[in-house]
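*Asks:* Got a structure for you, questions after.
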């Protein structure tokens with residue numbers, strides 16, 4: 001069985017055919033999906049999907065792109081919403097200096113509020129980082145010094161140094177379909193060397209469809225293709241990778257019952 005640790009089932013391209021998307025995933029052995037929120041107005045719909053579908057769980061958070069639009073989403077608001085029994089994670093949150101859709105100071109403040117919520121609730125933090133390795137690592141390290149929290153670097157595309165830093169802080173690393181791309185040699189080298197007990201897999205659907213599905217709308221079923229590629233890359237049976245990543249998911253997201 002496989003787990004898609006990060007998807008957006010309520011995004012355009014998936015939302016209008018959600019039943020079909022879920023059926024496709026289940027048919028390929030995807031037993032669990034974590035449906036990620038990126039803005040406050042999505043929270044209720046994402047939780048509703050998790051209430052309706054026993055193999056789907058929810059997160060609550062604000063993407064760094066949305067930080068400017070959510071100055072009122074503070075730690076208290078996140079903590080309150082995360083009390084719902086189907087919410088198992090805080091995020092996604094973090095820093096995105098590639099697009100800079102939100103002011104960097106606002107991104108950093110939002111990121112720290114999410115970290116505080118993760119610490120207070122005991123739920124893991126889902127970290128988005130792009131072109132912001134130094135600041136992301138610095139904030140994570142500084143905040144970890146205030147009290148431990150769990151988390152995952154989602155859709156990992158950063159450097160080996162950043163992977164080492166994340167692992168040293170006790171975080172997990174999640175690999176998406178990007179690892180199957182022909183020009184992803186550095187990522188492939190990092191993914192091949194990640195410790196088996198800290199590895200997750202994801203689709204980030206509807207984005208980043210892996211080979212052999214390039215050009216299609218990505219969906220959770222495609223996490224199986226990423227798993228096969230990654231298992232070959234690491235020289236291990238896909239069954240072993242599926243078992244390890246499923247076990248890791250439930251170790252990190254302990255509120256999700258196996």
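The values are calculated or read from the model by the stated rules, or taken from the named source; none is laboratory data. These numbers come from a predicted model, not from an experiment. Cβ placement follows ideal geometry from the backbone for every residue including glycine, while neighbour counts extend to all protein chains displayed.
*Asks:* Report whether or not residue 167 is surrounded by fewer than 16 Cβ atoms within 10 Å (Cβ to Cβ) and in contact with a strand residue (DSSP E or B) (Cβ under 9 Å, 6 or more places away or on another chain).
*Replies:* Yes.
*Asks:* Based on this model, can you work out whether residue 63 counts as under 15 Å from the mean Cα position of the chain (by Cα), under 20 Å from residue 252 (Cα atoms) and either in contact (Cβ under 8 Å) with a residue 60 or more places away in the chain or surrounded by fewer than 22 Cβ atoms within 10 Å (Cβ to Cβ) (or both)?
*Replies:* Criteria not met by residue 63.
*Asks:* Taking the condition touching a helix residue (DSSP H, G or I) at 6+ places or on another chain (Cβ under 6 Å), part of a loop (DSSP other than H, G, I, E, B), buried (at least 24 other Cβ atoms within 10 Å of the Cβ) and at pLDDT 95 or above, does residue 37 pass?
*Replies:* So residue 37 passes the test.
*Asks:* Select from the range 66-102 the residues that are within 17 Å of residue 119 (Cβ to Cβ) and more than 19 Å from the chain's Cα centre (by Cα) and write down the one among them that is surrounded by the most Cβ atoms within 10 Å (Cβ to Cβ).
*Replies:* Filtering first and then ranking leaves 73.
*Asks:* So how many residues does the range 210-228 have that are touching a residue at least 24 places away in the same chain (Cβ under 8 Å) and within 20 Å of residue 32 (Cβ to Cβ)?
*Replies:* 11
*Asks:* Another question, then. Could you look through the range 1-20, keep only residues that are in contact (Cβ under 8 Å) with a residue 40 or more places away in the chain and out of contact with any helix residue (DSSP H, G or I) (no Cβ under 7 Å at 6 or more places or on another chain), and pick out the one that is surrounded by the most Cβ atoms within 10 Å (Cβ to Cβ)?
*Replies:* Applying the filter and picking the extreme gives 6.
*Asks:* So, in the range 60-115, exactly how many residues are assigned to a loop (DSSP other than H, G, I, E, B) and under 16 Å from residue 151 (Cα atoms)?
*Replies:* Counting residues in the range 60-115 that are assigned to a loop (DSSP other than H, G, I, E, B) and under 16 Å from residue 151 (Cα atoms) gives 4.
*Asks:* Can you report the number of residues in the range 165-196 which are within 18 Å of the chain's Cα centre (by Cα) and either free of Cβ contacts under 8 Å to residues at least 12 places away in the same chain or part of a helix (DSSP H, G or I) (or both)?
*Replies:* The total comes to 11.
*Asks:* Which of the following residues is touching a strand residue (DSSP E or B) at 6+ places or on another chain (Cβ under 8 Å) and either farther than 18 Å from residue 124 by Cβ or buried (at least 22 other Cβ atoms within 10 Å of the Cβ) (or both): 227, 192, 184, 231?
*Replies:* One residue alone meets the criteria, 227.
*Asks:* Within the range 51-58, can one find any residue that is part of a loop (DSSP other than H, G, I, E, B), without any contact (Cβ under 8 Å) to a residue 24 or more places away in the chain, out of contact with any strand residue (DSSP E or B) (no Cβ under 7 Å at 6 or more places or on another chain) and more than 28 Å from residue 140 (Cβ to Cβ)?
*Replies:* Yes, some residue in the range 51-58 is part of a loop (DSSP other than H, G, I, E, B), without any contact (Cβ under 8 Å) to a residue 24 or more places away in the chain, out of contact with any strand residue (DSSP E or B) (no Cβ under 7 Å at 6 or more places or on another chain) and more than 28 Å from residue 140 (Cβ to Cβ).
*Asks:* Considering only the range 197-226, state which residues are farther than 12 Å from residue 174 by Cβ and assigned to a helix (DSSP H, G or I).
*Replies:* Of everything in the range 197-226, those that are farther than 12 Å from residue 174 by Cβ and assigned to a helix (DSSP H, G or I) turn out to be 197, 220, 221, 222, 224, 225.
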